[in-house]
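Structure, as structure tokens:
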Amino acid sequence: MERILQGFERAAGASPAIRFIDVMLRGAGQVMFMDNPLTGLFFVAAIVWGAFAVDAPLVALAGLLALAVATGTALVGGFDRASWRVGLYGYNALLTGLALGTFLAPGAMHFVFVVIAGAFSVVVSEAVGRFLKVHAVPGLTFGFVLTAWLFLLASHGFAGLPAGGLPTAVLPGGATVVASDPLAPGAFLAGVALSISQVFLKDSIIAALLFLAGLAVASLPAALLALAGAVIAVAVAHLAGAESDLVTGGLLGFSPVLTAVALGTVFGKPTPRGLAYAAFGTVVTVIAQAALNAGLAPFGLPALTMPFVLVTWLFLLARPAPAA
Amino acid sequence: MERILQGFERAAGASPAIRFIDVMLRGAGQVMFMDNPLTGLFFVAAIVWGAFAVDAPLVALAGLLALAVATGTALVGGFDRASWRVGLYGYNALLTGLALGTFLAPGAMHFVFVVIAGAFSVVVSEAVGRFLKVHAVPGLTFGFVLTAWLFLLASHGFAGLPAGGLPTAVLPGGATVVASDPLAPGAFLAGVALSISQVFLKDSIIAALLFLAGLAVASLPAALLALAGAVIAVAVAHLAGAESDLVTGGLLGFSPVLTAVALGTVFGKPTPRGLAYAAFGTVVTVIAQAALNAGLAPFGLPALTMPFVLVTWLFLLARPAPAA
Amino acid sequence: MERILQGFERAAGASPAIRFIDVMLRGAGQVMFMDNPLTGLFFVAAIVWGAFAVDAPLVALAGLLALAVATGTALVGGFDRASWRVGLYGYNALLTGLALGTFLAPGAMHFVFVVIAGAFSVVVSEAVGRFLKVHAVPGLTFGFVLTAWLFLLASHGFAGLPAGGLPTAVLPGGATVVASDPLAPGAFLAGVALSISQVFLKDSIIAALLFLAGLAVASLPAALLALAGAVIAVAVAHLAGAESDLVTGGLLGFSPVLTAVALGTVFGKPTPRGLAYAAFGTVVTVIAQAALNAGLAPFGLPALTMPFVLVTWLFLLARPAPAA
């Protein structure tokens, strides 16, 4: 594997086109914090598989288009070259494209908006990163969340951008939560797997395995933490009496998965203390997910990865200096 | 009185258990910015009285449980020991527990969430404090507001956490404001007293007197400013034509009470200029309370002390350097 | 023209009353970033004309009253004298007064609130400016937006402050966008002109010409960029299929106009690269306007100039250092 990566790196050094693809793949990998083109390749494969599995290839196209536009925008626009090289201008765009593809109806104007959103996500990511620099906290996927929310909301104002799959706006508290008890082992495992694939808005167990494999080739701890985060999320959500469809569909688990990886290994150390801190953050992310689902209901907006962003920001800011 | 406090301090120095209780009491006192265990004792008595007065002792239990959990979490978690000693990790947890007890239905799962919220409030308070440090502004009760909002909203997603007393979510502007004129002296005084007890989500005149007494033993200016803030709030709200039930129930006055104490003495000097600045902030807090009541209506969330937090942040940030 | 301004400056130096009027006029000019009393005079004339044109002179009165109160508050309150002299404490107040006059029903209590809002806007502007100083980003019109939103929302809680012209709160996504195609040249030009006059919440082509003239006397590039911003906004909004009434009424263009001027000349350089960056920001502001229109619908609040503030903050924060 090392050999393959070294060969690819040599090729990328010799050809701007291969370098561009290398940076795009790294951008895909950065959704899960991995600066690794092979990880990115697994992730792209999972995205494409997941999109075809639900007969929506245009969703994958929207994601990859936004990723390409962002990678090009950051290059041409004179943004920080070191950040560009490791894919840090790409991951928010990829997620933004996937979200626009998932929640809006496809069409020509749709792809124009995906292009604009891809380029804008570079500006947002850079702005957020610089704003938070003074606090020594990373922007995480907030660039994605803010860009996607703006474009999804804007669909209500433009006939050229119809809102295909957005949830209907409702006031919270109207529906009764239906929690089926107990959770069968198969449903539990499906919830765990889909909690991982839903990080990329994908609803596929095979995609989940590809995502895990992609993580594992770059970082085994990250893969284990993603899995642990998903297990915690499904267990906590179920015990608290969450709607079973949400639990087994992974819709309460994708943000906790990201929190577990971020706090447990990427921005923290997997010491016992650090892991306990990460586990607590993961539990709280499940609650934040339920909270933001309710809080965003009047806007008809999905929470996306905002629960992960909010909780991880708080836990990184609060981290006791010598301990965790 | 000095003698009692010194004796208690000696005992706390000798026994970790008494120190823990000392820090819990200081945490209660810090809701009104007082680093004083006797103040805290008065406050706890007022909370317990107010809870029993409306036949809801579990509300007081939820508050004290969250306070104990937060005090323990901050101790074990390695958070700043000096801040811990003066109760700065406790007050947000106490208020969070009281809010969860007030707005959610009691039950076993309920208390599990109170424990999680108590621990989480430590993380939030620390994160908010560090974020604002660069701006030389304190976190105030934002740790409470953010934690409580998240857990209250999350109740809509978990069958194990039913929302007992949350307001029904509505769009603003639908109801007609009923302002009865004139305001009888008794109603005015009730409004003033309950504006103070509602700082702790309590609806009791005797509790209000205990809160005032607790303030007075630590700082007479603080007690007078709390009273003045309540008088200003009730007068302004009534003159502006606010719903009479809200005015006389103290529900438009608890945030202004906190603003008056914060700007008038804790973070400002009671000079004529400083008091005028605090009075203006107090008036604006009444308006902010009405605004946030309307702005939070679609979420079915109470404003809690956010009007105080928002206005006091603005007034502290804007403070003209040499003057006020 | 230079001669007139010099004579006026001499007179202002000799008389505090004329200085006060000078600062008020500069405050009006600062709505479009111009530190120039003649620009301010044009703007005030446009505001008065626009108000009388729709038979609502009290709206202009509310704006000028808030401007006078803020100018006086900042002077007496000991705020930064240099900022005061160039009108930086005035523009948010003027806009706040115009917004309260436009969206609330007139009356005695109404003007009391305009006075409070005018003074409060000074505190908000100063607070926002200081908060953002560490990020080297200006407060723009956020002081106006925050103050106006608070007072508009508060109208739902006070019988003394009836909400005359506020939009009815609705959940987004309920209405169908009606985009009439094609856009006739006259409608296009009306949309461009009103996009400029709506910066001041005015719906008048003659007012638009006065605003442009006022800009031109201080800065021809600014006037041209305002015009270009309006053209871009109307074209983009129409192409995306926005509601025709909004497009031709200038209601999707006033924020983009401000973005174009801010990024193109005030806080940026009109190089090809800088203009391309400003043009992209202007396009994104149209999308942000549609987004915030939908996002604020549940509150029954107008977006005011928040789309401009949000996008310009992001673009200023993200600005690649040597390039744009």
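Each value in this text was obtained by applying a stated rule to the coordinates, not by laboratory testing. As the structure is a prediction and not an experimental result, all values here were calculated from the model. Please note: Cβ atoms are built from the backbone with ideal geometry, for glycine as well, and neighbour counts cover all protein chains shown.
For peptide A:160-167, what's the mean number of Cβ atoms from other chains within 10 Å of each residue's Cβ? Before the final figure, lay out the partial values.
On the way: counts 7, 6, 3, 3, 0, 0, 2, 1.
Going residue by residue through A:160-167 and averaging, the value is 3.
Rounded to a whole number, what is D in µm²/s for segment C:1-166 from Stokes-Einstein with the Kirkwood radius over alpha-carbon pairs (20 °C, 1.002 mPa s)? Can you show the working numbers first?
Working: Rh = 16.0 Å.
Reported coefficient: 134 µm²/s.
Between copies, how far does the label point of C:A184 sit from its twins, in nm, shortest first, when each point is 7 Å from Cα along Cα→Cβ?
For C:A184, the inter-copy label distances come out at 6.5, 6.5 nm.
Between A and B, which A residue has the Cβ nearest their rotation axis, distance in Å?
So the closest residue, with its distance, comes out as A:P298, 3.
Given label points at 7 Å from Cα along Cα→Cβ, what nm distances, shortest first, separate A:V86 from the same residue in every other copy?
3.9, 3.9
Using a 7 Å offset from Cα along the direction of the beta-carbon, what are the separations from B:L209 to the same position in each other copy, nm, ascending?
7.3, 7.3
Could you pull out the pairs from A:K269/C:K133; B:K133/B:K202; B:K133/C:K133 whose alpha carbons sit more than 24 Å apart here?
Details: A:K269/C:K133 34 Å; B:K133/B:K202 32 Å; B:K133/C:K133 14 Å.
Check vs 24 Å cut-off fails for A:K269/C:K133; B:K133/B:K202.
Evaluated at 20 °C with a viscosity of 1.002 mPa s, what Stokes-Einstein diffusion coefficient in µm²/s does chain A have when Rh comes from the Kirkwood expression over alpha-carbon pairs? Walk me through the numbers before you get to the answer.
Working: Rh = 19.7 Å.
After rounding, the answer is 109 µm²/s.
With a Cα-only, solvent-free Debye model of the protein assembly as shown, what are the log10 I(q)/I(0) values at q = 0.04, 0.07 Å⁻¹?
Per q value, in the given order, log10 I(q)/I(0) is -0.19, -0.60.
At a 10 angstrom cut-off on C-beta neighbours, averaged per residue, how do the peptides B:307-316, C:93-102 rank from highest to lowest? Mind showing how you got there, number by number?
On the way: B:307-316: 26.2, C:93-102: 29.3.
Packing order, densest peptide first, comes out as C:93-102, B:307-316.
Could you work out, residue by residue across C:140-153, how many beta carbons of other chains sit within 10 Å of that residue's beta carbon, and then give the average as an integer? Spell out each step's value before the answer.
Details: counts 0, 0, 0, 2, 0, 0, 2, 3, 0, 2, 11, 5, 3, 12.
Taking the mean over all residues of the peptide, I get 3.
Just how far, in whole angstrom, is segment A:147-169 from segment B:25-50 if you go by their alpha carbon centroids?
49 Å
Filter the DSSP H helices in chain B by two things, a Kyte-Doolittle mean of at least 1.6 and an axial alpha-carbon span of 15 angstrom or more, and list the hits by number.
Values: long enough: B:2-14 (18 Å, -0.29); B:16-29 (19 Å, 0.74); B:37-53 (23 Å, 1.89); B:57-76 (28 Å, 2.12); B:91-103 (18 Å, 1.12); B:108-133 (38 Å, 1.56); B:142-154 (18 Å, 2.26); B:185-197 (18 Å, 1.58); B:205-218 (20 Å, 2.84); B:220-239 (28 Å, 2.26); B:272-296 (35 Å, 1.08); B:306-318 (18 Å, 2.28).
Qualifying helices, which must be both long enough and hydrophobic enough, are B:37-53, B:57-76, B:142-154, B:205-218, B:220-239, B:306-318.
Answer with one residue from C:F20, B:G186, C:F188: the one whose Cα lies farthest towards the positive end of the charge dipole of the protein assembly as shown, charges on Cβ with Lys, Arg +1 and Asp, Glu -1.
The one lying farthest along the dipole's positive direction is C:F20.
Could you work out Rg/(2.2 N^0.38 Å) for segment C:171-324, with Rg from alpha carbons only? Walk me through the intermediate numbers first.
Working: Rg = 15.0 Å, N = 154, 2.2 N^0.38 = 14.9 Å.
Ratio of Rg to 2.2 N^0.38 Å for segment C:171-324: 1.01.
Using only DSSP helix segments of four residues or longer, with each worth -39500 (n - 2.57), what per-residue ellipticity at 222 nm results for chain A after dividing by its residue count and rounding to 500?
On the way: 15 runs with 218 residues, N = 324.
That comes out to -22000 deg cm²/dmol.
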